[in-house]
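J.: Quick one: the structure is below, questions incoming.
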Amino acid sequence: MTLATCLTTAGAAVAASAAPVRTEAARADAWSADTGHAGAVAARADQLATLVRQTVDAGVPGVAVRIDDGHGPAVESVGQAPWTVADHKLAVDDEFRMGSNTKTLVATLILQLVAEHRVNLTDSVESWLPGLVPGGRAITLRMLLNHTSGLYDYTDDPAGLASVTGQDQRQWAPEELLALATRHQALFTPGKKWSYSNTNYIALGMVLEKATGRSVADLIDERIVQPLRLTHTYLATTAAWRPGDDRTHAHGYEPDAAHLGPLLPPGMPPGTSFAGPSHDDHVDTAGINPSWAWAAGAVVSTAADWARFDTALMSGQLLPPAQLRQMRTTVPEDPAAPEATRYGLGLEEVRTPCGTVWGHTGGIPGYASQNYTDSTGHRTVAILTTTVFGLSEQKAAATYRPLVDAAVCRMLGEPLPGTATQSTALPG
């Protein structure tokens, strides 16, 4: 595994827990038994704040959590390390880089075109991108969407490492990113296995632009952002944040070179480090150019915007029933554990002891995001942090995982897990 894969998947492989899954009826009974609703909400908010504080105390620079369990106002909590306040005072409604959550938006756009009969899930890659993908006649758009194409992940190519870390601020074109992947052999026969590959969504972005004559950034804005009034969501195409948002975006951080080494995946080049202003043994990554992630991971959004998107998506506001069913038709990420995390079309299905949730995870230098919802979209949760590699440090991981577990269970109306051994085994 390379640095870029670690960043862009950021927990995409989720282990299933052996604990039983609570049914919708059981969760309703649990809610009915929760006497003193106002007091219970306050108690849950206090417990959440404690977990957020513990995560920051363990070394995570910043955490923002928003939970909407479908009963009253959302519960929100923010924590940040004192040394980060001078850069920006973190708030729940800050803009974060969402990383691979971008894939859910791109998949939604493709499925909208399917509903309009402008593309078909059985179309070959070759029919849309002739000559650009070796073996493209055997790869369908569905295979791109659910990561069964076998295409090599371009973020594993060492040529892009300097851009991921910000040492090289070059502006990547989609064709260049695709070319990084296609100079490598396919991992397997298309459709025969599952392997997460950011290349799939670069190709899908190119298909979107070919089919519509519009940029991916414009399509996200016109078909999703504007109809849903997502005022802080857009595809970042350069290192610059959107004009006017300078005071409303979170600053992301990664450990500096002296502290990053032990957290790197095996095989990484010695001396790998992030570029940016230095702060308290960390590097501010807010200025790294995300063009290398493009349709695979360059979207900026907020917790509230993403909750609105999840609600619209799962309730059928963005897709007709047939296309929503296709999106939620899944394949196992791990054939040895077919009932564990499963991947649909740009959407993960995750079974936890508290119930089944849908969503995605994301990671890009300085920013990690986990966004989940229930099958109706009426309940949502976002756990956003201002680091990716910092979450790998042992002390931070020990507090972050219980936070994610607790947030998801509260979203579903379940009691907070009492100990780490009750973990939902969600990514983190």
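Read the figures in this text as sums done on the coordinates, not as results from a lab. Predicted model, so just to flag it, every value in this text is computed and none were measured. Quick reminder, even Gly has a Cβ in these numbers, built from the backbone with ideal geometry, and neighbours come from all protein chains shown.
J.: May I ask you to order 159-169, 363-373 by the average number of other C-beta atoms within 10 Å around their residues, highest value first?
T.: Put in order of decreasing packing, that is 363-373, 159-169.
J.: Residue by residue, what Karplus-based ³J(HN,Hα) values in Hz, rounded to whole numbers, does segment 331-342 have, using 6.51, -1.76 and 1.60 with θ = phi - 60° and x for Gly and Pro?
T.: Result, rounded to whole Hz: 10, x, 6, 10, x, 6, 9, x, 8, 7, 4, 10.
J.: Another question, then. Can you give me the relative contact order of segment 299-380 as a percent, contacts being Cα pairs under 8 Å and 6 or more apart?
T.: Computed value for segment 299-380: 25 percent relative contact order.
J.: Only loop residues by DSSP count here, and only those with at most 16 other Cβ atoms within 10 Å; note down the trypsin sites (Lys or Arg not before Pro) in segment 44-135 that meet that. Walk me through the numbers before you get to the answer.
T.: Working: sites: ARG44, ARG53, ARG66, LYS89, ARG97, LYS103, ARG118; in loops: LYS89, ARG118.
Sites meeting the loop and neighbour criteria: LYS89, ARG118.
J.: From zero outward in steps of 10 Å, how is the percent of C-alpha pairs of segment 223-305 spread across the bins?
T.: For segment 223-305, the pair-distance distribution reads 15, 38, 32, 13, 2.
J.: By per-residue mean of other Cβ atoms within 10 Å, what is the highest-first order of 249-260, 324-335?
T.: Per-residue mean Cβ counts within 10 Å order the peptides as 249-260, 324-335.
J.: Show me 388-398, 285-295 ranked by packing, highest mean number of other Cβ atoms within 10 Å first.
T.: The densest-packed peptide leads the list: 285-295, 388-398.
J.: Please order MET268, MET143 by the number of other Cβ within 10 Å, starting at the fewest.
T.: Final ranking by Cβ density, sparse to dense: MET268, MET143.
J.: Only residues of segment 291-333 count here: report those whose backbone N is under 18 Å from the spot 7 Å along Cα→Cβ of HIS378, or say none.
T.: 307-318
J.: At a Förster distance of 41 Å, what's the computed FRET efficiency of GLN169 paired with ARG229, Cβ-Cβ distance as r, to 0.05? Numbers along the way, then the final one.
T.: Values: r = 33 Å, r/R0 = 0.79.
That pair, GLN169 with ARG229, gives E of 0.80.
J.: Along segment 140-156, what does the Karplus equation 6.51 cos²θ - 1.76 cosθ + 1.60 (θ = phi - 60°) give for ³J(HN,Hα), rounded to whole Hz, x for Gly and Pro?
T.: Residue by residue, segment 140-156 yields 9, 4, 4, 5, 5, 5, 9, 6, 10, 6, x, 5, 4, 7, 4, 6, 8 Hz.
J.: Starting with the fewest neighbours, write out ARG410, ARG170 ranked by other beta-carbon atoms found within 10 Å of each beta-carbon. Kindly include the intermediate steps, with their values, before the conclusion.
T.: Numbers: ARG410 24, ARG170 12.
Least to most surrounded, the residues fall as ARG170, ARG410.
J.: Can you tell me, using C-alpha contacts under 8 Å and at least 6 residues apart, the relative contact order of segment 3-422 as a whole percent?
T.: 27
J.: Another question, then. Considering lysine pairs in segment 3-422 that are 8 or more places apart or on different chains, how many have Cα atoms under 30 Å apart? Intermediate results must be reported in sequence, preceding the final value.
T.: On the way: LYS89/LYS103; LYS89/LYS395; LYS103/LYS192; LYS103/LYS193; LYS103/LYS210; LYS192/LYS210; LYS193/LYS210.
Close lysine pairs under the 30 Å cut-off: 7.
J.: For HIS279, HIS147, which order do you get if you count the other beta carbons within 10 Å of each Cβ and list the fewest first?
T.: HIS279, HIS147
J.: Can you list residues from other chains, or at least 5 along the same chain, whose modelled amide H is less than 5 Å from the amide H of VAL299?
T.: MET98, GLY99, THR102, ALA236
J.: Find how much the distance from THR189 to ALA275 grows on full extension, using 0.36 nm per residue of separation minus their present alpha carbon separation; answer in nm with one decimal.
T.: Length gained between THR189 and ALA275: 27.1 nm.
J.: Here are a few candidate values for Rg/Rh (Cα atoms, Kirkwood Rh): (i) 1.05; (ii) 0.94; (iii) 1.14. Which one was actually calculated from the structure I just gave you?
T.: (ii)
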